[in-house]
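Heads up, the thing below is written out as structure tokens.
The values are calculated or read from the model by the stated rules, or taken from the named source; none is laboratory data. Here the structure is a predicted model, which is why all the values come from computation and not from measurement. Cβ atoms come from the backbone with ideal geometry, glycine included; neighbour counts cover every protein chain shown. We work out accessible area using only protein heavy atoms, side chains counted, and drop any ligands, DNA or RNA first. Shrake-Rupley method; radii C 1.70, N 1.55, O 1.52, S 1.80 Å.
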Amino acid sequence: MFQLQAAGRAVRAMAEWAKQLAGIKGVVLDISGVLYDGGGEGGGVPIPGSIEAVEKIKVSGLKLRFCTNETQATRGKFVAKLQRLGFNILVNEVTAPAPAACRILKERNLRPHLLIHDDLVPEFDQLDKANPNCVVIGDAADNFSYKNLNEAFRFLIGLENPILISLGRGRYYKETDGLKLDVGVYMKALEYACDVQAEVVGKPAKMFFQSALAEMEVEPQQAIMIGDDIVNDVGGAQQCGMRALQVRTGKYRPCDEQHPEVKADGYVNNLAEAVDIIVKQLHK
């Protein structure tokens, strides 16, 4: 009896947020935990139904943008991996932190000390890195050793005006073998040690979402974000004026639905379910 009541409430809740989809012209998708779970020999495993869901968006007439905090590879290599997994995705459809950070560094004549993943280094090849006047931190994975963190700390605390740029601020993410600490944990350590506040390039920064919206040429109220992170995906998008759904895949945890500060416009089991509802509403 209880299970039937819970199922009934879930159906009513889904119907309620589906009514809010009028006027949607663009969809912004997170990648890790929504399209696929990373890790393993093949670089990851598609979440069931996600390949078909992306295709369904593309043929629906809706505009589509992928918005990721991925910083373990260049955008080109990351997209190539997704293509090998079966996704219809192009480099120019992806908004990612590293290219955005490079633009900022050039505009402000900043020379970075990099604490990032080895596979991301080529994104910064065109920048002057001699005599650094800032620190850039990304998801460095195994490069987050004591030695490397301490080196970044020494560069940062030795600057007259310390500048710390973080490629996202996620706490953790999910791969096929379980949850992994993300860049935000190490960002906080440097903030605390150096008494600075990082400039975040990536979700949940408002400018990052605005960039994705500009690429689609839609207004915030005409777009919906679909992600697995209640704070960085859902909260970030909502602060920008977008609607946002959380999928129950990737890093999702049941307690996310009782988050004290962020409430998604809707919760769905996976991307395929979300896209089915969105596309159905288009035809009403």
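Values computed for the structure shown
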read-out	value
Residue-normalised accessible area of region 102-210, expressed per residue, 1.4 Å probe, Å²	55
Mean projected area (nm²) of the alpha-carbon convex hull when region 215-284 is viewed from all directions	5.1
Table column - 3J(HN,Hα) (Hz), region 147-155, Karplus curve with 6.51, -1.76, 1.60, x for Gly and Pro	4, 5, 5, 5, 5, 5, 4, 5, 4
Rounded FRET efficiency, nearest 0.05, which uses the C-beta distance separating V185 from D118 and R0 of 25 Å	0.80
Cα-centred dipole magnitude for the chain, charges only on beta-carbon of K, R (+1) and D, E (-1), debye, nearest 20	620
Cα→Cβ-extended label distance, 7 Å offset, between S145 and R111, nm	2.5
Cβ-based charge dipole, the chain, positive-most Cα from L156, N133, A96	A96
Projected-area average for region 98-200 over all orientations - Cα convex hull basis, square nanometres	6.4
Most to least packed among 94-102, 72-80 [average Cβ atoms within 10 Å]	94-102, 72-80
Column: log10 I(q)/I(0), Debye, Cα scatterers of the chain, q = 0.14, 0.15 Å⁻¹	-0.99, -1.12
Among the listed pairs K63/K203; K106/K174; K63/K188; K77/K180; K56/K188; K147/K174, those beyond 31 Å (Cα-Cα)	K106/K174; K63/K188; K56/K188
Contact order normalised by residue count of region 138-284, Cα under 8 Å, 6+ apart, percent	16
Placed amide H near H113: partners under 5 Å, 5+ positions off or other chain	N133, C134, V135, V136
Pairwise FRET efficiency - N161 versus E52, Cβ, R0 = 41 Å, nearest 0.05	0.25
Of all accessible heavy-atom area on the chain, the percent that carbon and sulfur account for (1.4 Å)	51
Under 5 Å, built H, 5+ apart or other chain: amide partners of E175	K180
